[in-house]
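Beneath this line is the structure, given in structure tokens, with notes to follow.
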Amino acid sequence: MIGWLVITIGAGAVCLLNVLGFTQGGRGRVVEHLVLEGSSWLAITLLAWTPWAVLRTTRAWSWPMRLGAHVAAALMFSVLHVGLFILFRAMAFAGLGQAYDLSAAVGGYRYEVWKDLVAYALLVGGYLLVDVLDRGGEPAPAAAQVFDIRDGARLVRVRLDDILAVTSAGNYVEFRLRDGRRPMMRGSLAALEAELGTADFLRTHRSWLVNARAVTGLTPEGSGDYSVSLDGMEAPLSRRYPEALKRLRMGAS
């Protein structure tokens, strides 16, 4: 992944500059500072996928839900970062025959939290920037007009416009086709959402993915929920997916 590579190289450069700054100031030995900075860099490298995963998972959520997910992920990122670099430092210093002051690392955790929150935000910004540059500012290419459903040993090739909706069925997903067929394929609804999201398929419920171009109507069900009409069938639209409701009201872009 280009974004991950750019970010880890950048973090490594910052750590190296910190080491050079310490040595020029005459504070401590080079090896000790390499261990301190290198352990932090290695921990960040191992955790740099976290904001990318949150960005991918929450892209169809409302902004308050996305913000909450990023806050929770940032706190988890900080805990794991500190835990990993403490482990790496303890192992490195033990290999050098020196003792590592664990109490100092734990005592400075509050300071590390703020640094990690800033680092997480920079990682999010870095991934977004790399994504824009990678696409050259152009919109993502249109999804293929056909989709292959692997129904056991059988391959069912259908036009995207003929898929009205997809529902979760345990370890499988069930396709609701325009002609009434319901082929199934092993996989998760989340994975299918990522694959079909560029083709105007929207998550309207934790167990439903609908083809926005096949929607013919919306009926309020009370408490903010709706029923979605799709060429003779109905699908639920939960109030937990306000972005889907907004897009369906405006029409698929």
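Restricting attention to the range 153-194, the residues that are closer than 16 Å to MET233 by Cα, among the charged types (D, E, K, R) and part of a strand (DSSP E or B) add up to 2. Taken over the range 118-157, the residue count meeting the criterion of being over 16 Å from GLY197 (Cα atoms), more than 20 Å from the chain's Cα centre (by Cα) and at pLDDT 60 or above is 9. The combined condition, being in contact with a Lys or Arg (Cβ under 9 Å, 6 or more places away or on another chain) and under 26 Å from GLN145 (Cβ atoms), is not fulfilled by VAL215.
The values are calculated or read from the model by the stated rules, or taken from the named source; none is laboratory data. What you see is a predicted model, and the numbers here were worked out from it, not measured in a lab. When we count neighbours, we look across all protein chains shown, and the Cβ atoms used for this are built from the backbone with ideal geometry, even at glycine.
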